[in-house]
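Comments concern the structure below.
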Amino acid sequence: MTRSETLFAAAQKVLPGGVNSPVRACRAVGTYPRFLEKGKGSRVWDADGNEYIDLICSWGPLILGHCNKEVEQAVLKAVKNGLSFGAPTAIEVEMAELVCQMTGVEMVRMVNSGTEAVMSALRLARGATGRSKIIKFAGCYHGHSDSMLVKAGSGALTGGAPDSAGVPSEIAGDTLTANYNDLDSVRRLLQANPAQVAAVIVEPVAANMGVVPPQDGFLQGLRALCDEFGSLLIFDEVITGFRLAQGGAQEYFGVRADLVTYGKIIGGGMPVGAYGGSRRLMELVAPLGPVYQAGTLSGNPVAMAAGLAQLRILQQHPEVYTGLERRGALLESGLRGALKDVPAQINRVGSIMTVFFTDAPVTSYEQAKSSDLDKFKRWYLGLLSRGVYAAPSQFEAMFLSNVHTDEEIKTIVNAAKEIF
């Protein structure tokens, strides 16, 4: 038995499913999780000493790779001054100023996770509009707060049904589900619920049904619909923020949202989140306004130090984004060649990518669900056995960092050629 197997057996006695986040259990791919011990650059090592090219990058935030020297030094310096204060620190101000400068939001509130950022942004949207309903999209994930754990109802115009035990139907009923890349489905919901929809929330690039890019005009159409019906547009940029461009998806696609949620990258790999928007909206948040939100450890100085170091590098070196696009295109091209005889679709935006094992284009949640999960399982296990660490779910993304080399990309492509 490997050390990872031994650790997983022990973990199952004290952690639900042996993990602290469900996808890590690797149930969808019929194996046990590899317990990681070390990361450096574009590589990770597991508890048994196996080395892998990392295509998860901590689910996106490690845009500079593992243990970037400048980020590491910033964290070590912050740790020496204290782990936490629960009080204001200068670095919170620096971080907020930089986020506003890079993204164009006027004010930002730091929180501790993407889930918390979304939950807070939704409360703010409801408080600002006096409306209770929210429109989300099937297959888009916005954290595990109650109102976001819903799926589509039995009809296109109905409210949601709870997608998890423990979510009251009364809460789920205020969440309406539209179809990603389908503006008509959004319009129908807005028309069926006049002056009731506080906000439309969307992953500008869907990445939790696998990567599904917005079709031309989709995000622009959402902006127009929200303006027409008096609803706020919320971009969940927990994945796309600072990864697609300095200004995230707003800059990349040229669409401004009313509120934006961030996470992952702004912590440089440490737990953190944020939400921001116009001064008019953000001044509704306590202590200035009636929308209450608080967090004892929000703006943690160590997390702020890591995030600030990473964002400064991204701001000072815009060529990072050119390099990520080039690497993404190189891997996509290589995989298309490697999988030319396999029914597969490769969806990519910048350095975020998913291989769907289906013979039809994937532009929606329903199409994503048509993927051959047995083929994906073979794909995942094949990559793992060849030293490539990828997401253990068809409905997740692969991420590249700016330290992945052309030679490593060639290794990944060669591994793909051998699997099928």
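Just one of the numbered conditions (1) more than 25 Å from residue 252 (Cβ to Cβ); (2) under 20 Å from the mean Cα position of the chain (by Cα) is not true of residue 285: (2). Can we say residue 5 is farther than 28 Å from residue 282 by Cα, open to solvent by less than 80 Å² (accessible area, probe 1.4 Å) and either in contact with a His (Cβ under 8 Å, 6 or more places away or on another chain) or of a type in the set (Asp, Glu) (or both)? Taking the combined requirement at face value, the residue satisfies it.
Restricting 93, 79 to those that are within 24 Å of residue 297 (Cβ to Cβ), free of Cβ contacts under 8 Å to residues at least 60 places away in the same chain and either basic (Lys, Arg) or part of a helix (DSSP H, G or I) (or both) reduces the list to 93.
Yes or no, residue by residue, for (1) surrounded by fewer than 20 Cβ atoms within 10 Å (Cβ to Cβ); (2) β-branched (Val, Ile, Thr); (3) over 23 Å from the mean Cα position of the chain (by Cα):
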{"site": "342", "(1), (2), (3)": "yes, yes, yes"}
{"site": "354", "(1), (2), (3)": "no, yes, no"}
{"site": "358", "(1), (2), (3)": "yes, yes, yes"}
{"site": "385", "(1), (2), (3)": "yes, no, yes"}
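How many of the residues in region 42-71 are of a type in the set (A, V, I, L, M, F, W, C) and free of Cβ contacts under 8 Å to residues at least 12 places away in the same chain? Please lay out each step first, then the result.
To start, the set of residues in region 42-71 that are of a type in the set (A, V, I, L, M, F, W, C) comprises 44-45, 47, 53, 55-57, 59, 62-64, 67, 71.
Going one step further and asking which of them are free of Cβ contacts under 8 Å to residues at least 12 places away in the same chain, we end up with 45.
Selection size over region 42-71: 1.
Of all residues in region 264-299, which are outside any loop (DSSP other than H, G, I, E, B) and open to solvent by less than 10 Å² (accessible area, probe 1.4 Å)?
Initial filter on region 264-299 (outside any loop (DSSP other than H, G, I, E, B)): 264-267, 273-277, 279-282, 285, 291.
265, 266, 267, 273, 274, 275, 276, 277, 281, 285 - these are the residues of region 264-299 that are outside any loop (DSSP other than H, G, I, E, B) and open to solvent by less than 10 Å² (accessible area, probe 1.4 Å).
When restricted to residues that are at pLDDT below 70 and among the small types (Gly, Ala, Ser), region 144-167 contains 8. In region 185-216, the qualifying residues are those that are small (Gly, Ala, Ser) and part of a helix (DSSP H, G or I), and the one that is least open to solvent (accessible area, probe 1.4 Å) is 185.
Residue count for region 125-149 under the criterion of being touching a helix residue (DSSP H, G or I) at 6+ places or on another chain (Cβ under 7 Å), open to solvent by 10 Å² or more (accessible area, probe 1.4 Å) and at positive phi: the result is 1. Kindly check whether there is at least one residue in region 168-180 that is at pLDDT below 95, assigned to a helix (DSSP H, G or I) and open to solvent by less than 10 Å² (accessible area, probe 1.4 Å). Yes, region 168-180 contains at least one residue that is at pLDDT below 95, assigned to a helix (DSSP H, G or I) and open to solvent by less than 10 Å² (accessible area, probe 1.4 Å).
Annotation note: Cβ proximity below 7 Å between a residue of region 120-139 that is more than 16 Å from residue 223 (Cα to Cα) and a residue that is among the polar types (S, T, N, Q) and open to solvent by 50 Å² or more (accessible area, probe 1.4 Å) (sequence gap 6+ or interchain) occurs for 126/132; 131/196; 132/196; 133/196; 138/179. If the condition is being part of a loop (DSSP other than H, G, I, E, B) and either open to solvent by less than 10 Å² (accessible area, probe 1.4 Å) or not small (Gly, Ala, Ser) (or both), then region 221-244 contributes 231, 237, 238, 239, 240, 241, 242, 243, 244.
Residue check: is residue 306 open to solvent by less than 20 Å² (accessible area, probe 1.4 Å), farther than 30 Å from residue 178 by Cβ, of a type in the set (A, V, I, L, M, F, W, C) and more than 18 Å from the chain's Cα centre (by Cα)? Outline the logic, then answer.
Numbers: open to solvent by less than 20 Å² (accessible area, probe 1.4 Å): yes; farther than 30 Å from residue 178 by Cβ: yes; of a type in the set (A, V, I, L, M, F, W, C): yes; more than 18 Å from the chain's Cα centre (by Cα): yes.
Taking the combined requirement at face value, the residue satisfies it.
The residues of region 110-148 that are of a type in the set (Ser, Thr, Tyr), in a helix (DSSP H, G or I) and touching a strand residue (DSSP E or B) at 6+ places or on another chain (Cβ under 6 Å), listed by number, are 120, 129, 147.
Pick from region 245-263 the residues that are among the aliphatic types (A, V, I, L, M) and assigned to a loop (DSSP other than H, G, I, E, B): which of them is surrounded by the most Cβ atoms within 10 Å (Cβ to Cβ)?
257
What do you reckon, is residue 333 open to solvent by 40 Å² or more (accessible area, probe 1.4 Å), over 30 Å from residue 77 (Cβ atoms) and at pLDDT below 95? For residue 333, the condition - open to solvent by 40 Å² or more (accessible area, probe 1.4 Å), over 30 Å from residue 77 (Cβ atoms) and at pLDDT below 95 - is not met.
Residues in region 68-124 that are open to solvent by 80 Å² or more (accessible area, probe 1.4 Å) and basic (Lys, Arg): 69, 77, 80, 123. Only residues that are in contact with a Leu (Cβ under 6 Å, 6 or more places away or on another chain) and among the acidic types (Asp, Glu) were counted in region 16-54, giving 1.
The values are calculated or read from the model by the stated rules, or taken from the named source; none is laboratory data. Note that the coordinates shown come from a computational prediction; the quantities given were computed from them, not determined experimentally. Virtual Cβ from ideal backbone geometry, glycine too; neighbours counted across all protein chains shown. What goes into the accessible areas is simple: the full protein's heavy atoms, side chains included, and nothing from ligands, DNA or RNA. Shrake-Rupley method; radii C 1.70, N 1.55, O 1.52, S 1.80 Å.
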